[in-house]
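Below is one structure, written out as structure tokens; the observations come after it.
The values are calculated or read from the model by the stated rules, or taken from the named source; none is laboratory data. Everything numeric here is computed off the predicted structure, so don't read it as measured data. With ideal geometry, Cβ positions are generated from the backbone for all residues, glycine too; neighbour counts draw on all protein chains shown.
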2 protein chains.
Amino acid sequence: MAAVTYELIKKDSKSKARRGRVHTPHGSIETPVFMPVGTAATVKAMRPDEVKEMGAQIILSNTYHLYLRPGHEIVREAGGLHKFMNWDRAILTDSGGFQVFSLGDLRKITEEGVEFRSHIDGSKHMLSPEKSIEVQNALGSDIIMAFDECAPYPADRGYVKNSLERTTRWLKRCKEANKNEDFQSLFGIMQGGMYQDLRYQSAMEIVDLDLPGYAIGGLSVGEPKDIMYEVLDYCVDYLPADKPRYLMGVGSPDYLFEGVERGVDMFDCVLPTRIARNGTAMTSRGRVVIKNAAHERDFTALDPECDCYTCRNYSKAYLRHLFKSNEILSSMLLTNHNLHFLINLMSNMRKAIEEDRFLEFKREFYNKYGKF
Amino acid sequence: MAAVTYELIKKDSKSKARRGRVHTPHGSIETPVFMPVGTAATVKAMRPDEVKEMGAQIILSNTYHLYLRPGHEIVREAGGLHKFMNWDRAILTDSGGFQVFSLGDLRKITEEGVEFRSHIDGSKHMLSPEKSIEVQNALGSDIIMAFDECAPYPADRGYVKNSLERTTRWLKRCKEANKNEDFQSLFGIMQGGMYQDLRYQSAMEIVDLDLPGYAIGGLSVGEPKDIMYEVLDYCVDYLPADKPRYLMGVGSPDYLFEGVERGVDMFDCVLPTRIARNGTAMTSRGRVVIKNAAHERDFTALDPECDCYTCRNYSKAYLRHLFKSNEILSSMLLTNHNLHFLINLMSNMRKAIEEDRFLEFKREFYNKYGKF
């Protein structure tokens with residue numbers, strides 16, 4: 001049996017939303033779930049005990065970053081990523097593919113893999129399916145991701161077709177390369193851009209490999225939201241119902257709702273942590289830009305409906321002061337709030353599915369939130 | 001009775017070290033004590049619950065910074081500094097004097113006070129004894145400091161004498177201006193540079209005002225350590241035994257030991273928090289510069305004798321990785337350790353005084369610590 005398995009708990013009767021559980025070697029994850037991102041073996045500005053306390057069940061970390069710094073061999077010697085970063089719950093690592101493709105002029109793609117120069121010191125490296133899995137095996141994450149190519153938007157059909165077919169060939173090499181199948185589960189990634197038949201082709205090819213889970217890649221890459229939702233609609237249908245489905249790189253509340261409604265189980269995004277450091281909070285009444293003068297003498301909490309550490313103890317006036325003073329505590333408190341907000345939102349979505357009122361819950365939330 | 005009082009618990013038989021207790025409206029403080037600095041209403045990179053958990057009994061905050069940003073009236077409207085920053089233990093605020101004097105060309109001293117330009121936006125302001133106390137009254141700190149002039153080192157006798165005499169005149173105006181004597185206790189500050197007779201003169205003048213506590217200012221301003229210790233020796237003798245004695249702005253372990261040995265009760269310094277953000281830890285074996293290549297594969301704790309959150313959970317290799325990656329968690333974990341280290345050190349000093357073995361404890365510590 002695979003190290004990671006999916007258990008279906010309940011289906012919503014009016015949408016494709018589903019309540020499930022993903023079992024991993026580091027505990028079970030109630031789904032749908034949002035995974036905070038800890039790029040460089042740390043969820044930025046958070047102590048791991050805080051991240052646990054707010055109910056995070058799994059975090060994501062980045063192969064590209066850890067390969068370059070501190071180097072995966074050091075993490076291996078440290079006893080693996082869980083021990084290195086003091087996180088005893090589940091970890092998912094991406095493959096590094098997305099990061100090296102994003103390097104633009106600094107990288108060259110061949111059938112073998114991607115040659116690139118480090119964004120830190122310009123040194124030359126090669127990331128291939130085998131190398132990515134070798135690094136992820138050294139990290140020891142519970143879920144490891146296939147080394148894929150994420151086509152940009154827009155991209156012509158020929159490019160996308162070539163790219164998805166290479167992604168399938170690379171996936172086979174990844175599966176072959178995974179030395180720790182019994183405790184590290186490889187997820188395949190569907191590509192195919194905004195072309196329905198190519199999405200279908202990609203799905204059939206990767207599902208054929210009978211992997212423990214599947215991700216939908218190549219969305220939220222610049223396409224309009226309605227196109228993304230339309231593509232997502234049929235993508236989910238092409239994936240097996242008995243495996244977890246992971247939509248990569250989305251984290252704003254509307255994406256999460258629309259993803260869950262279409263049957264997605266897992267999400268990740270740097271959005272909540274990144275905007276926190278830039279002084280923006282997600283709240284039940286929409287986004288709050290803390291530096292705005294309106295908050296100068298506002299002694300109420302960020303979010304009247306939130307019971308996170310930040311909202312229980314601090315006013316907008318104080319948070320604004322911290323942000324304007326470039327205090328580290330500003331990033332700490334806003335990150336705490338934003339992560340708590342999304343984790344709590346997912347918990348409420350799960351409850352709504354259990355009570356078969358997911359679409360009502362979504363409507364209520366949208367009415368209060370306003371513009372996304 | 002004053003809002004702040006001193007209770008003597010035990011005197012060391014072989015030195016002037018003393019174990020005491022300072023009672024404040026926000027709890028009692030076991031002395032000798034080190035006060036972490038929270039310049040802008042936050043101990044940098046720390047949540048207040050962390051600062052409490054490690055045993056901090058009182059923190060220091062800065063009048064100059066809070067006057068400029070967010071503005072003391074906002075803190076007053078927030079319900080005072082304790083509530084604004086979510087800290088329910090004691091707070092001491094400095095007078096802003098030291099900061100405005102440090103502005104160099106940006107300030108002009110008159111008998112009235114100091115005219116200066118903000119380091120933030122260049123705007124023009126005036127800080128006087130009355131204004132400093134008005135600001136500190138708005139902040140609501142338990143211990144408020146007199147607006148004094150800290151003479152530089154070296155400084156000629158005439159300058160120092162004029163300066164200390166103005167400090168006394170300003171102290172009288174501060175005492176007059178304090179509207180909250182029943183819950184905010186004004187401490188006077190002794191000046192006089194490195195001149196014994198001037199220190200004596202300053203002490204006599206300020207002790208005459210029968211204030212609830214006294215600080216020794218104008219030390220650790222660039223003079224050699226042996227001169228500082230010599231001056232400190234007689235300064236303490238000029239201060240009343242039934243009031244707390246506070247040596248301003250020192251925080252390295254040797255200063256703390258030498259101060260306690262000479263009868264000082266209270267200390268503050270940005271040192272532990274500032275060097276933490278720069279990647280340096282204070283440990284029982286001396287300073288550790290975390291970025292050093294020697295720590296790349298060092299999977300042991302920062303300090304083998306420390307039981308702080310950082311030392312319990314992380315290796316030097318991980319801390320080095322965080323620091324080199326410019327991760328906020330680096331500042332958080334090293335600050336946590338350094339503050340814990342000093343707070344724990346003071347707790348051990350108190351125990352040593354209780355057991356009448358302060359000098360032995362000092363000797364043991366110095367032997368292990370090496371170079372300061």
Test set (1) polar (S, T, N, Q); (2) touching a strand residue (DSSP E or B) at 6+ places or on another chain (Cβ under 6 Å); (3) within 25 Å of A:PRO154 (Cβ to Cβ) - A:GLN196 fails condition number: (2)
Selection status of A:VAL270, more than 27 Å from A:GLN99 (Cβ to Cβ) and either touching a Cys at 6+ places or on another chain (Cβ under 7 Å) or surrounded by fewer than 20 Cβ atoms within 10 Å (Cβ to Cβ) (or both): no
Residues (in contact with a helix residue (DSSP H, G or I) (Cβ under 7 Å, 6 or more places away or on another chain) and aromatic (Phe, Trp, Tyr)) located in the stretch A:127-164: A:PHE147
Set A:TYR318, A:TYR309, A:TYR366, A:TYR314: member being touching a helix residue (DSSP H, G or I) at 6+ places or on another chain (Cβ under 8 Å) and more than 12 Å from every other protein chain (Cβ to nearest Cβ): A:TYR366
Set A:MET282, A:MET332: member being more than 12 Å from chain B (Cβ to nearest Cβ), among the hydrophobic types (A, V, I, L, M, F, W, C) and in contact with a helix residue (DSSP H, G or I) (Cβ under 9 Å, 6 or more places away or on another chain): A:MET282
Which numbered condition A:ASP121 fails, given (1) without any contact (Cβ under 8 Å) to a residue 12 or more places away in the chain; (2) more than 14 Å from chain B (Cβ to nearest Cβ): (2)
Number of the exception - A:LYS124 against (1) under 22 Å from the mean Cα position of the chain (by Cα); (2) over 28 Å from A:VAL231 (Cβ atoms): (1)
Close pairs from the stretch B:75-89: first free of Cβ contacts under 8 Å to residues at least 60 places away in the same chain and at the interface with another protein chain (Cβ under 9 Å from one of its Cβ atoms), partner surrounded by fewer than 19 Cβ atoms within 10 Å (Cβ to Cβ) and of a type in the set (S, T, N, Q), Cβ under 6 Å, at least 6 apart: B:ASN86/A:ASN313
Residue in the stretch B:90-108 that is within 13 Å of chain A (Cβ to nearest Cβ) and either surrounded by 19 or more Cβ atoms within 10 Å (Cβ to Cβ) or not in a helix (DSSP H, G or I) (or both) present: no
Where a residue in the stretch B:355-372 is on the phi < 0 side of the Ramachandran plot and its partner, wherever it lies, is in a helix (DSSP H, G or I) and not aromatic (Phe, Trp, Tyr), with Cβ under 6 Å and at least six apart: B:PHE358/B:ALA352; B:PHE361/B:ALA352; B:PHE372/B:ASP254
Among the candidates A:ALA41, A:ALA17, residue that is away from every other protein chain (no Cβ under 14 Å) and touching a Leu at 6+ places or on another chain (Cβ under 9 Å): A:ALA17
Tally, over the stretch B:45-67, of residues that are crowded, with 22+ Cβ neighbours inside 10 Å and at the interface with another protein chain (Cβ under 10 Å from one of its Cβ atoms): 4
Extreme residue, nearest to the other protein chains (Cβ to nearest Cβ), among residues of the stretch A:291-306 that are of a type in the set (A, V, I, L, M, F, W, C) and over 24 Å from the mean Cα position of the chain (by Cα): A:PHE299
Qualifying residue in the stretch A:358-370 (condition: crowded, with 16+ Cβ neighbours inside 10 Å and at pLDDT below 95): yes
Residue within the stretch A:340-357 that is within 14 Å of chain B (Cβ to nearest Cβ) and surrounded by fewer than 16 Cβ atoms within 10 Å (Cβ to Cβ) present: no
Top-ranked residue of the stretch A:24-38 - restricted to ones that are assigned to a loop (DSSP other than H, G, I, E, B) and within 18 Å of A:MET54 (Cβ to Cβ), ranked as farthest from the other protein chains (Cβ to nearest Cβ): A:PRO32
The stretch B:71-99 - residue that is among the β-branched types (Val, Ile, Thr) and within 17 Å of the chain's Cα centre (by Cα) and, of those, farthest from B:GLU50 (Cα to Cα): B:THR93
Test: residue in the stretch B:297-304 that is in a helix (DSSP H, G or I) and either farther than 27 Å from B:SER220 by Cβ or at pLDDT 95 or above (or both): no
Test result for B:SER202, without any contact (Cβ under 8 Å) to a residue 40 or more places away in the chain and touching a Leu at 6+ places or on another chain (Cβ under 6 Å): yes
Some residue of the stretch A:155-171 being more than 24 Å from A:PRO32 (Cβ to Cβ) and part of a loop (DSSP other than H, G, I, E, B): yes
Per-region count, the stretch B:44-79, residues of a type outside the set (A, V, I, L, M), assigned to a loop (DSSP other than H, G, I, E, B) and more than 17 Å from B:SER132 (Cβ to Cβ): 6
Test set (1) away from chain A (no Cβ under 14 Å); (2) buried (at least 21 other Cβ atoms within 10 Å of the Cβ) - B:ALA276 fails condition number: (1)
Of all residues in the stretch A:187-222 being farther than 21 Å from A:MET145 by Cα and surrounded by 17 or more Cβ atoms within 10 Å (Cβ to Cβ), the one that is farthest from the chain's Cα centre (by Cα): A:TYR195
Qualifying residue in the stretch A:127-147 (condition: of a type outside the set (Phe, Trp, Tyr), without any contact (Cβ under 8 Å) to a residue 12 or more places away in the chain and surrounded by fewer than 24 Cβ atoms within 10 Å (Cβ to Cβ)): no
Test: residue in the stretch B:194-215 that is assigned to a helix (DSSP H, G or I), of a type outside the set (A, V, I, L, M), touching a Ser or Thr at 6+ places or on another chain (Cβ under 6 Å) and farther than 17 Å from B:VAL160 by Cβ: no
B:ILE144 touching a strand residue (DSSP E or B) at 6+ places or on another chain (Cβ under 8 Å) and at pLDDT 95 or above: yes
